[in-house]
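Data first, discussion second: the structure below is written as structure tokens.
The values are calculated or read from the model by the stated rules, or taken from the named source; none is laboratory data. This one's a predicted model, so the numbers in the text were calculated from it and none came from an experiment. Note that each Cβ is placed from the backbone with ideal geometry, even for glycine, and that neighbours are counted across all protein chains shown. For accessibility, only protein heavy atoms count, side chains too; no ligands or nucleic acids. Shrake-Rupley method; radii C 1.70, N 1.55, O 1.52, S 1.80 Å.
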Amino acid sequence: QVQLVESGGGLVQPGGSLRLSCAASGFTGSWYFMSWYHQAPGLARKLVARITAADSSTNYADSARGRFTISRDNTKNTVFLEMNSLKPEDTGKYFCNANINYALYWGQGTQVTVSS
């Protein structure tokens, strides 16, 4: 059974940094891309960043570009989201999403709170 497990969330002050991890397990074959989504309280999930397995090409939401960096460790089927210069509006739950063998999977999410 495919599982995506996120970790690394927490409480941080504005301007601070966090590093989120998403580890995929329980599958054979390949993952094609993995993404991070942000869901602020009361709002829909929005794509933050995406990375492909083949060539590590990346895409970022305008709100994340220049502050966040997505990266991968293929040997461990893990994707990271380095978040810097965090703002209160970055508060919410961050979900990992993966295309594995052409099916989409979601993790349970990890909470990020940016507050002084």
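Values as computed for the structure displayed
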{"quantity": "Mean separation of Cα contacts under 8 Å (6+ apart) over length of the chain, as relative contact order %", "calculated": "37"}
{"quantity": "Dipole axis of segment 33-75 (+1 Lys, Arg; -1 Asp, Glu on Cβ), positive-most option in Gly66, Leu43, Phe33", "calculated": "Leu43"}
{"quantity": "Computed label-point distance, nm, for sites Ser85 and Ser17 using a 7 Å Cα→Cβ extension", "calculated": "1.3"}
{"quantity": "The chain - charge dipole about Cα centre, Lys and Arg +1 at Cβ, Asp and Glu -1, debye rounded to 20", "calculated": "80"}
{"quantity": "Estimated vicinal HN-Hα couplings, Hz - segment 31-36 in sequence order (Karplus 6.51, -1.76, 1.60; Gly, Pro = x)", "calculated": "9, 9, 8, 9, 9, 10"}
{"quantity": "Rg/Rg_globular for the chain, with Rg_globular taken as 2.2 N^0.38 Å and Rg from C-alpha atoms", "calculated": "1.01"}
{"quantity": "Length released on extending from Thr75 to Ser30, taking residue separation times 0.36 nm less the Cα-Cα span", "calculated": "15.1 nm"}
{"quantity": "Surface share of carbon and sulfur [accessible, 1.4 angstrom probe, percent] for segment 15-114", "calculated": "49"}
{"quantity": "Cα→Cβ-extended label distance, 7 Å offset, between Gln108 and Arg45, nm", "calculated": "1.5"}
{"quantity": "Antiparallel DSSP beta bridges within the chain, as percent of all bridges there, nearest 5", "calculated": "95"}
{"quantity": "Residue-span extension gain [Ser57 to Val2] - 0.36 nm each, minus C-alpha spacing", "calculated": "17.4 nm"}
{"quantity": "Whole-Å distance, taken between Cα centres, linking segment 51-104 and segment 15-40", "calculated": "6"}
